[in-house]
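The values are calculated or read from the model by the stated rules, or taken from the named source; none is laboratory data. Everything quoted here is computed from the prediction, not taken from an experiment. Reconstructed Cβ throughout: ideal geometry from the backbone, glycine too, with neighbour counts over all protein chains shown.
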Ligand code: CS2
Ligand code: MN
């Protein structure tokens with residue numbers, strides 16, 4: 001198991017590599033070229049500069065989150081082959097640089113969705129929260145402004161303003177895309193990139209839909225165990241795997257996460273471990289990582305990963321904003337550092353207890 005922290009790159013992240021390096025047990029970061037739009041090629045010199053910056057701080061790049069997928073690929077539009085070619089070139093360039101984990105998602109239009117980015121909790125911290133009734137009462141075109149008003153001035157991961165400026169067009173593109181079409185387009189994409197993944201030993205790790213149900217009537221195909229097993233069987237190559245995001249899958253109380261870990265055995269390449277507190281049907285907020293702080297049994301999750309022989313990369317995923325920090329929502333330093341230490345401690349206890 002390798003514990004990591006997500007870092008958005010200098011110029012985008014206010015958390016520094018020097019700070020990350022001081023978190024006990026963390027030797028690597030999950031990073032990205034944050035300014036890149038979906039569909040653009042990541043050039044060799046850009047990747048080399050990112051790698052040099054991380055290594056100069058005494059850390060390594062453990063993986064990329066995300067190389068985002070262009071909507072033409074998700075919708076199966078006629079230009080998809082050109083964008084897949086670009087994606088393959090990016091994977092080649094990453095492979096040449098020795099990077100072999102790539103997280104991505106296949107959510108239409110919106111990436112992860114929240115209705116509140118700074119919900120005040122009883123202990124004075126703020127956190128991200130979701131309420132389905134808010135989503136049901138607003139126009140999807142207002143989503144962007146709703147979130148931008150609360151984002152502390154940061155650009156949120158997966159919410160590229162350039163893309164979201166064309167929301168109406170985006171919704172039109174997805175008009176005829178149902179779950180079956182979206183799944184077929186994912187299959188087409190994965191089959192196209194598998195050869196380059198095999199060549200360089202790159203693990204592709206799909207991130208589950210967050211929340212784990214359809215929003216604004218858009219199709220979602222990575223919501224539960226059935227979806228995950230279907231997609232793994234559909235392109236049955238060990239290089240095509242999953243990012244096990246507990247906070248995303250856990251939004252649906254029917255998802256038994258330790259059970260899912262057991263059935264995905266060997267195909268989990270990356271794990272996002274965090275807790276959420278379900279506050280009612282279709283409502284949840286992100287809690288501290290501790291098992292006792294939320295609805296998910298984080299100990300049972302770590303134990304299931306251990307028992308499945310998981311030897312991949314973990315990050316604590318989101319954290320609350322605590323101690324007065326004005327961080328990017330979900331991605332401040334303090335609570336994620338606490339989360340990393342808690343998860344590393346659980347792992348150590350499980351490992352030693354087993355001996
Ligand atoms: C989110 C996403 O929960 C998460 O990890 O922050 O933005 C996630 O990084 C993407 O969906 C992965 O492609
Ligand atoms: Mn996640």
Being at positive phi and either modelled with pLDDT of 95 or more or touching a helix residue (DSSP H, G or I) at 6+ places or on another chain (Cβ under 7 Å) (or both) narrows 39, 95, 28 down to just 39
The number of residues in the range 1-25 that are out of contact with any helix residue (DSSP H, G or I) (no Cβ under 8 Å at 6 or more places or on another chain), within 15 Å of residue 65 (Cα to Cα) and away from ligand 2 (no atom under 16 Å from the Cβ) is 2
Just one listed residue, out of 244, 218, 232, is within 16 Å of ligand 1 (Cβ to nearest atom) and farther than 25 Å from residue 173 by Cα, and it is 244
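Residue by residue, here is whether (1) part of a strand (DSSP E or B); (2) out of contact with any strand residue (DSSP E or B) (no Cβ under 8 Å at 6 or more places or on another chain) holds:
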site	(1), (2)
277	yes, no
296	no, no
300	no, yes
310	no, no
329	no, no
341	no, yes
346	no, yes
349	no, yes
Q. On the given criteria, is residue 253 outside any helix (DSSP H, G or I) and surrounded by fewer than 19 Cβ atoms within 10 Å (Cβ to Cβ)?
A. yes
Screening 26, 102 for residues that are buried (at least 20 other Cβ atoms within 10 Å of the Cβ), in contact (Cβ under 8 Å) with a residue 60 or more places away in the chain and more than 16 Å from ligand 1 (Cβ to nearest atom) leaves only 26
The condition of being at positive phi and either more than 16 Å from ligand 1 (Cβ to nearest atom) or surrounded by 19 or more Cβ atoms within 10 Å (Cβ to Cβ) (or both) holds, among 294, 282, only for 282
How many residues of the range 322-336 are under 19 Å from residue 9 (Cα atoms) and without any contact (Cβ under 8 Å) to a residue 40 or more places away in the chain? The answer is 2
Residue hits (the range 219-235; surrounded by fewer than 21 Cβ atoms within 10 Å (Cβ to Cβ) and either within 11 Å of residue 112 (Cα to Cα) or in contact with a helix residue (DSSP H, G or I) (Cβ under 8 Å, 6 or more places away or on another chain) (or both)) are 219, 220, 224, 225, 229, 230, 232, 234, 235
Selection from the range 297-310 of residues free of Cβ contacts under 8 Å to residues at least 60 places away in the same chain, away from ligand 2 (no atom under 15 Å from the Cβ) and either farther than 20 Å from residue 24 by Cβ or crowded, with 24+ Cβ neighbours inside 10 Å (or both) yields 297, 300, 302, 303, 304, 307, 308, 309
Selection from the range 221-245 of residues more than 16 Å from ligand 2 (Cβ to nearest atom), part of a loop (DSSP other than H, G, I, E, B) and touching a residue at least 40 places away in the same chain (Cβ under 8 Å) yields 221, 235, 237, 239
- Residue check: is residue 23 in a loop (DSSP other than H, G, I, E, B), under 22 Å from residue 270 (Cβ atoms), modelled with pLDDT of 95 or more and over 19 Å from the mean Cα position of the chain (by Cα)? yes
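Matching residues to (1) within 16 Å of ligand 2 (Cβ to nearest atom); (2) in a helix (DSSP H, G or I); (3) over 25 Å from residue 4 (Cα atoms); (4) under 21 Å from the mean Cα position of the chain (by Cα):
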{"residue": "36", "(1), (2), (3), (4)": "no, no, no, yes"}
{"residue": "48", "(1), (2), (3), (4)": "no, yes, no, no"}
{"residue": "54", "(1), (2), (3), (4)": "no, yes, no, yes"}
{"residue": "89", "(1), (2), (3), (4)": "no, yes, yes, no"}
{"residue": "92", "(1), (2), (3), (4)": "no, yes, no, no"}
{"residue": "107", "(1), (2), (3), (4)": "yes, no, no, yes"}
{"residue": "114", "(1), (2), (3), (4)": "yes, no, no, yes"}
{"residue": "118", "(1), (2), (3), (4)": "no, no, no, yes"}
{"residue": "122", "(1), (2), (3), (4)": "no, no, yes, no"}
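Each row is one residue, and each column tells you yes or no for (1) within 16 Å of ligand 1 (Cβ to nearest atom); (2) over 17 Å from the mean Cα position of the chain (by Cα); (3) closer than 21 Å to residue 211 by Cβ.
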residue: 255; (1), (2), (3): yes, yes, yes
residue: 265; (1), (2), (3): no, yes, no
residue: 310; (1), (2), (3): no, yes, no
residue: 315; (1), (2), (3): yes, no, yes
residue: 329; (1), (2), (3): yes, no, yes
residue: 339; (1), (2), (3): yes, no, yes
residue: 342; (1), (2), (3): no, yes, no
Using the structure shown, decide if residue 183 is in a helix (DSSP H, G or I), modelled with pLDDT under 90 and either surrounded by fewer than 18 Cβ atoms within 10 Å (Cβ to Cβ) or under 20 Å from the mean Cα position of the chain (by Cα) (or both). no
The residue from 260, 276, 313 that alone is closer than 16 Å to residue 3 by Cα, within 16 Å of ligand 2 (Cβ to nearest atom) and either touching a helix residue (DSSP H, G or I) at 6+ places or on another chain (Cβ under 9 Å) or in contact (Cβ under 8 Å) with a residue 40 or more places away in the chain (or both) is 313
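Within the range 144-165, is even one residue in a loop (DSSP other than H, G, I, E, B), within 16 Å of ligand 2 (Cβ to nearest atom), farther than 14 Å from residue 218 by Cα and free of Cβ contacts under 8 Å to residues at least 60 places away in the same chain? Don't jump to the end; show me each part of the working.
Filtering the range 144-165 down to residues in a loop (DSSP other than H, G, I, E, B) leaves 149-160, 165.
Now drop any that are not within 16 Å of ligand 2 (Cβ to nearest atom), which leaves 156-159.
Cutting the leftovers down to farther than 14 Å from residue 218 by Cα gives us 156-159.
Imposing the further condition that a residue be free of Cβ contacts under 8 Å to residues at least 60 places away in the same chain reduces the set to 159.
Yes, because at least one residue in the range 144-165 is in a loop (DSSP other than H, G, I, E, B), within 16 Å of ligand 2 (Cβ to nearest atom), farther than 14 Å from residue 218 by Cα and free of Cβ contacts under 8 Å to residues at least 60 places away in the same chain.
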